[in-house]
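Each remark here refers to the structure printed beneath this line.
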Amino acid sequence: MGVSPKIAPSMLSSDFANLAAEAKRMIDLGANWLHMDIMDGHFVPNLTIGAPVIESLRKHTNAYLDCHLMVTNPMDYVEQMGKAGASGFTFHVEVAKENWQELVRKIKSAGMRPGVALKPGTPIEEVYPLIEGTTPVEMVLVMTVEPGFGGQKFMPNMMDKVMLLGSLTLILKNLLLMPFLLIETFNDVLGIGPGIKEQVPNT
Ligand SMILES: O=C(CO)[C@H](O)[C@H](O)COP(=O)(O)O
């Protein structure tokens, strides 16, 4: 079985006052997952949503909520995100070098799928231990913009990291089904993000 692509538009550019309707619009337009950008105003210079918003949205959708935690202390968020109904919990490798194994275990215990993200300036080799070990993450989020804000220019050279990851999975016997996602490229390439109003019929 090969890797199946998933479309996960970022909800960051949604009309947050109408998030449930925006989520439905994305799913109706063919999105497989909804990508939720959670920022703490510390790891990145922006503050967005947290567990209370995920909990509210969960009451309106059964969609896979792919939560990207741009936070300095991801461990502090695991329990609340699990209870809120998050489906995936992706933390940044830059802040989890010491405790990623415990983090992965806790994410799984809380009923979510663990993922790791890396900033554009972080070498891809830094995530290798997280996909080669006995408690591997299930997804790698290769960032093609600096974390913190939507609507930035896609960095095409980040695709080299994806190529390297693809080669690595071919030689890893225990990771044949690992779904690599290019969350940050989806809106640019496919033009389906909630903020791209002129390209999406507002129905
Ligand atoms: O992680 C992110 C920002 O840190 C967002 O998911 C991403 O940038 C969304 O991009 P766009 O608004 O251009 O679709």
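Some notes on this structure:
- Pairs where the first residue, in the range 13-28, is within 10 Å of LEU57 (Cα to Cα) and the second is more than 13 Å from the ligand (Cβ to nearest atom), C-beta under 6 Å, 6+ apart: LEU19/LEU57; ALA20/HIS60; ALA23/THR61
- Qualifying residue in the range 29-41 (condition: of a type in the set (D, E, K, R), within 14 Å of the ligand (Cβ to nearest atom) and out of contact with any His (no Cβ under 6 Å at 6 or more places or on another chain)): yes
- Looking across the range 125-178 at every residue that is of a type in the set (S, T, N, Q) and at pLDDT 95 or above, the one that is farthest from the chain's Cα centre (by Cα) is identified as ASN157.
- Residue, surrounded by the most Cβ atoms within 10 Å (Cβ to Cβ), within the range 1-19, restricted to residues that are touching a strand residue (DSSP E or B) at 6+ places or on another chain (Cβ under 7 Å) and modelled with pLDDT of 95 or more: PRO9
- Verdict on VAL78 being among the β-branched types (Val, Ile, Thr), within 16 Å of the ligand (Cβ to nearest atom) and surrounded by 18 or more Cβ atoms within 10 Å (Cβ to Cβ): no
- Yes/no for GLY148 being closer than 20 Å to HIS42 by Cβ and within 11 Å of the ligand (Cβ to nearest atom): yes
- Every pair of residues 6+ apart whose Cβ atoms lie under 6 Å, when the first sits in the range 105-131 and is closer than 12 Å to LEU141 by Cβ while the second is hydroxyl-bearing (Ser, Thr, Tyr) and part of a strand (DSSP E or B): GLY115/THR90; ALA117/THR90
- Single residue of GLU94, GLU22, GLU102, GLU55 found to be at pLDDT 95 or above, surrounded by fewer than 17 Cβ atoms within 10 Å (Cβ to Cβ), in contact with a Phe, Trp or Tyr (Cβ under 9 Å, 6 or more places away or on another chain) and not polar (S, T, N, Q): GLU94
The values are calculated or read from the model by the stated rules, or taken from the named source; none is laboratory data. Quick caveat, the model's predicted, so the values are computed rather than measured. FYI the Cβ positions are ideal-geometry reconstructions off the backbone, even for glycines, and counts take in every protein chain you see.
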